[in-house]
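Heads up, the thing below is written out as C-alpha cells.
The values are calculated or read from the model by the stated rules, or taken from the named source; none is laboratory data. Note that the coordinates shown come from a computational prediction; the quantities given were computed from them, not determined experimentally. Neighbour counts run over all protein chains shown; Cβ positions are idealised from the backbone, glycine included.
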C-alpha cells in the first residue's frame, strides 16, 4: 500500500469512528426536553342590551270533527298573521312552528263498568314563531295577538341579531385576562415571559336570556308589560407562554 493510500484509509477510519461516537452520545442524551412554560386560562364576558324579541304562541280550537277544528284554528291564525303584517312584521320574521290535531276522549259508561274511551271531539293547534325587531312594539303586538284569538303558549326570548361584535370583544377580554394572569405568575416566580406558544378557545357561552310568559290577562287600553334586561356572552381561552432566562 502506498503512503498516500494509507493516509486516506486512516482518515476515513477516524471519520467513521467520530460519527459513531457522536451518534452514541446523542442516543445517551435522549430527546430534547421542552422549554419551561406557563399555562394559564383567561375569561372574558360582555353584557349588551337585546335588540330583538322572539315570541312563540299558538291558536287552539276545538270542534266535533278534525276538519272543523283545523278550519277554525286556521281562520284564527290568518287573522293573527294579517294583524302582525299590518303592524310592520316582515314575512321573513314569521314562521309556522307546528301544526297539531289531537282527538279529545271521554270515558263512556258508569265508573262501576268502565268502557273504552270514546272520541268526543278534536283539538287543532297552529303554532307561530315571530321575530320582533322593534322592541318598543312588543307589548302592543302581544295585546293584539291575544285579542285575535291566541290562547296558548308562549314564551318571549330577548336576543341579539348580530352576535359577532359581542363575541369578538369577549374573546379580546379573555386573552387580555390570560396575559395579566401570566404576568402575575411570572412576577411571583421571578421569571420572564417569552413568546406565546399556543392559544386555545375553551368554550363560548351565551348568558341567560330574560324570559317572560305572555299569556296573561291584559286590559284593552294597556300593553303587556315587558322588560328586556341584558344578555351576557362569555368565553374562555387557554394560553401557553414560554419562560425565557
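For the stretch 151-166, a residue qualifies if it is crowded, with 17+ Cβ neighbours inside 10 Å and modelled with pLDDT of 90 or more, and the qualifying residues are 158, 160, 166. What do you reckon, is residue 140 at pLDDT below 95, over 30 Å from residue 65 (Cα atoms) and outside the structural domain of residue 241 (by TED's automatic domain parsing)? Here the answer is yes, as residue 140 does meet what is asked. Which residue is modelled with the lowest pLDDT, if the candidates are limited to the stretch 193-204 and must be over 10 Å from residue 37 (Cα atoms) and surrounded by 13 or more Cβ atoms within 10 Å (Cβ to Cβ)? My answer is 204.
Specify which of the listed residues (76, 97, 86) is buried (at least 17 other Cβ atoms within 10 Å of the Cβ), at pLDDT below 95 and not assigned by TED's automatic domain parsing to the domain that holds residue 175. Let's see the steps before the verdict.
Working: 97 fails: buried (at least 17 other Cβ atoms within 10 Å of the Cβ); 86 fails: buried (at least 17 other Cβ atoms within 10 Å of the Cβ).
The match here is 76.
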